[in-house]
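One structure is given below, encoded as structure tokens.
The values are calculated or read from the model by the stated rules, or taken from the named source; none is laboratory data. Not measured: the values here are computed from a predicted model. All Cβ positions, even for glycine, are placed from backbone atoms using ideal geometry, and neighbour counts span all protein chains on display.
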Amino acid sequence: MTQAAECWHLSKSIIITQIASIILLVAGFFIWGSDVEKGITANTQAIQHESAMHILGQKHMVEFKGDIQTRLQRIDSKLERLIEQATKLIELVLADKELGQFFEATQQTINNWKNKHPELFESKKG
């Protein structure tokens, strides 16, 4: 039994390479941890930037929508004025050729108008 005890000898001494490897492992762990923290900070900033850009984009869309609505209202008012002019000219019993000249439209366009808006040409028939 004494021979078996001598085979299993544990040394309590520490080799300098063990100390160096432990120091390197701990240093590597701290470097890795600081890189992770930098990555988290960078991701947080990127998310904040994207959120700000999204809000800015929404504001631009609201402004753009308002601009489009304003333009459509102007177009509607211009169309209303053109319809009024056409109605007045039709009431004056202008010939199709004269209507075409006034609106710079072809005879085919005048015929299309007659088909799409017969109520405008009612007074001309009577």
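Regarding residue 75, is this residue within 19 Å of the chain's Cα centre (by Cα), part of a helix (DSSP H, G or I), modelled with pLDDT of 85 or more and not charged (D, E, K, R)? Please lay out each step first, then the result.
Details: within 19 Å of the chain's Cα centre (by Cα): no; part of a helix (DSSP H, G or I): yes; modelled with pLDDT of 85 or more: yes; not charged (D, E, K, R): yes.
No: the conditions fail for residue 75.
Going through 99, 10, 89, 94 one at a time, which residue ends up being outside any helix (DSSP H, G or I), surrounded by 10 or more Cβ atoms within 10 Å (Cβ to Cβ) and at pLDDT below 80?
Values: 99 fails: outside any helix (DSSP H, G or I); 10 fails: surrounded by 10 or more Cβ atoms within 10 Å (Cβ to Cβ); 89 fails: outside any helix (DSSP H, G or I).
94 is the lone residue from the list that is outside any helix (DSSP H, G or I), surrounded by 10 or more Cβ atoms within 10 Å (Cβ to Cβ) and at pLDDT below 80.
Looking only at region 97-114, count how many residues are among the aliphatic types (A, V, I, L, M) and over 18 Å from residue 81 (Cβ atoms). Working first, answer last.
So the first thing to find is which residues in region 97-114 are among the aliphatic types (A, V, I, L, M), and the list is 99, 105, 110.
With over 18 Å from residue 81 (Cβ atoms) added as a condition, the list becomes 110.
Residues meeting the conditions: 1.
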